[in-house]
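Everything below concerns the one structure shown next.
The values are calculated or read from the model by the stated rules, or taken from the named source; none is laboratory data. For clarity, every value in this text was computed on a predicted model and none was experimentally measured. A quick note on method: Cβ atoms are made from the backbone with ideal geometry, for glycine too, and the neighbour counts reach across all protein chains shown. To get the accessible areas, we keep the full protein, side chains included, count just its heavy atoms, and leave off ligands, DNA and RNA. Shrake-Rupley method; radii C 1.70, N 1.55, O 1.52, S 1.80 Å.
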Amino acid sequence: MWARSALLALLGSVAVPLVVAGLKSVLWVLVGVAGLVLTAVGVWWALAHTGAVRAVGTLVSVAAPLAVLALYAGHDLLWPACLSLGLWVLAVVAARIALTPAGADSGRRRARGPVQPPRRPWILMNPNSGGGKVARFHLAERARAAGAGVVLLDPARHQDVAELARRAVADGADLLGVAGGDGTQALVAEVAARHGLPFVVIPAGTRNHFALDLGLDRDDPAAALEALTDGDEFRVDLGFAADRVFVNNVSFGTYAAVVADPAYRDQKVRTTLRELPDLLIGDKAPSLRMRAGRTRAEGLQALLVSNNPYRRALDVDRPGRRVCLDSGRLGVLCVRVGGTAQAAQLVRGPGAPGLRRLTAREVVVETDAATVPAGIDGEHVMLPVPVVCRIVPGTLRVRVPRHRPGSPVARPAADWPRVARLALGR
């Protein structure tokens, strides 16, 4: 049914402009593509330059799509264009649903089943994470009621998170947990993995991508505490950049350099716009080199290495999602945009020549400097070059509530020949 719906919607997206404008519809499609290209060029000028060029780029990036819409409206083609686009989106969604394997809706198959509750669980909580979720959801009180020892980080002190976790293990903790952001979780997760202890994630940070990929409810962090009394357990991989662990990713290049600016936390947009021109085409532009096995890439402006591959380089419906956390492979995304022409080609999406994706067990990152700025799970660090990124499969025992939402569906890309065979019953 979904495959047939996808084909009908796809045919409809083509038929609507043909019925309304005939063969001239091809010309109008080219006008739309030209608008996208000009928009991409304008955005590049606005980000990579300053002064008059930035002003022109901003104007072009706004005027190009408005001009296309005005042309469509002036020729009574706006509603057919919107209808055709809507049908195309419907076709892609239906095709991906049709190709999704049965039973791929929760990610619970990796769990080994109910486990015995810990005797001395220990949980570190960051009161500042997520705008104060620890206090808002009464996490400390609920954790203590469940029998856990709770340590609250003091914002006024520079406490060593990993040392606190090691001290808890020395005092007899048989489970470690964190209520905080992904960066804090990574530090405690490394201690748990090193001592073979189960690890509990309480999504009290801002984004909590790791918790989402574990199938936890980010809107109800207190529900994660059920793992202490009624939990499942499975093993996941951990990534390492030099000697630093990451649960999500480590970034090098442009983004990492912007985050390193002390003004970034208070003035994100202004700092980014000020720094980007030099980081993209100026003297500060990073020139990263990457090698993974026999694959090499040079002149990169940005490089992202993730603990297990992200589903896509650019994923609109579920950004930053991973199919699984136990593939034993790093995801690698290389970005190289050398000028206006390559910026224009970015409208092709993941197939653009400026983007390159691969997987590997080990990635070596090099620059001409002795150190390189990096963002490890959103935290800025300086790492000595070369930086060896590696993955350790199945090293972390993760304990989660037995009753949890589960991982959202990992739907495959639309493969139209397969969709057509399904629709025809073959």
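Note on segment 192-215: residues that are aliphatic (A, V, I, L, M) and open to solvent by 10 Å² or more (accessible area, probe 1.4 Å) total 3. Would you call Arg311 under 20 Å from Arg390 (Cα atoms) and at pLDDT below 85? So Arg311 fits the description; yes. Within segment 113-146, restricting attention to residues that are open to solvent by 30 Å² or more (accessible area, probe 1.4 Å) and touching a Ser or Thr at 6+ places or on another chain (Cβ under 8 Å), which residue is nearest to Arg402 (Cα to Cα)? Ranking the candidates gives Pro117 first. Contact map, segment 116-127: residues that are without any contact (Cβ under 8 Å) to a residue 24 or more places away in the chain paired with residues that are surrounded by fewer than 24 Cβ atoms within 10 Å (Cβ to Cβ) and of a type in the set (Lys, Arg), Cβ distance under 7 Å, separation 6+ or inter-chain. No pairs are found.
Criterion first (buried (at least 16 other Cβ atoms within 10 Å of the Cβ) and of a type outside the set (D, E, K, R)) does Gln185 satisfy it? Criteria met by Gln185.
When Val385 is tested against the conditions (1) touching a strand residue (DSSP E or B) at 6+ places or on another chain (Cβ under 9 Å); (2) open to solvent by less than 80 Å² (accessible area, probe 1.4 Å); (3) more than 22 Å from Arg296 (Cβ to Cβ), the lone failure is (3).
If you go through segment 217-230 and keep only what is touching a strand residue (DSSP E or B) at 6+ places or on another chain (Cβ under 7 Å) and not in a helix (DSSP H, G or I), you end up with Arg218, Asp230. Scanning segment 317-366 for residues that are modelled with pLDDT under 70 and basic (Lys, Arg), we see that the one that is farthest from Leu36 (Cα to Cα) is Arg318.
Is it true that some residue in segment 269-284 is surrounded by 16 or more Cβ atoms within 10 Å (Cβ to Cβ), under 26 Å from Ala40 (Cβ atoms), touching a strand residue (DSSP E or B) at 6+ places or on another chain (Cβ under 7 Å) and at pLDDT below 85? For segment 269-284, residues surrounded by 16 or more Cβ atoms within 10 Å (Cβ to Cβ), under 26 Å from Ala40 (Cβ atoms), touching a strand residue (DSSP E or B) at 6+ places or on another chain (Cβ under 7 Å) and at pLDDT below 85: absent. Against the condition open to solvent by less than 10 Å² (accessible area, probe 1.4 Å) and modelled with pLDDT of 90 or more, how does Val400 come out, does it pass? Criteria met by Val400. Restricting attention to segment 362-394, the residues that are of a type in the set (D, E, K, R) and farther than 22 Å from Ser327 by Cβ total 3. Selection of segment 1-34 for residues being more than 24 Å from His75 (Cβ to Cβ), part of a helix (DSSP H, G or I) and open to solvent by 40 Å² or more (accessible area, probe 1.4 Å) yields Trp2, Arg4, Ser5, Leu7, Leu8, Leu10.
Table: residues versus (1) of a type in the set (Ser, Thr, Tyr); (2) under 30 Å from Leu424 (Cβ atoms); (3) modelled with pLDDT under 90.
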| site | (1), (2), (3) |
| --- | --- |
| Val14 | no, yes, yes |
| Val29 | no, yes, yes |
| Val56 | no, no, no |
| Ser61 | yes, no, no |
| Ala64 | no, no, no |
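Just one of the numbered conditions (1) out of contact with any helix residue (DSSP H, G or I) (no Cβ under 7 Å at 6 or more places or on another chain); (2) over 29 Å from Pro417 (Cβ atoms); (3) touching a residue at least 60 places away in the same chain (Cβ under 8 Å) is not true of Ala48: (1). Among the residues that make up segment 84-97, is at least one of them within 30 Å of Leu422 (Cα to Cα), more than 29 Å from the chain's Cα centre (by Cα) and modelled with pLDDT of 90 or more? Checked against the condition, which is being within 30 Å of Leu422 (Cα to Cα), more than 29 Å from the chain's Cα centre (by Cα) and modelled with pLDDT of 90 or more, segment 84-97 yields at least one hit.
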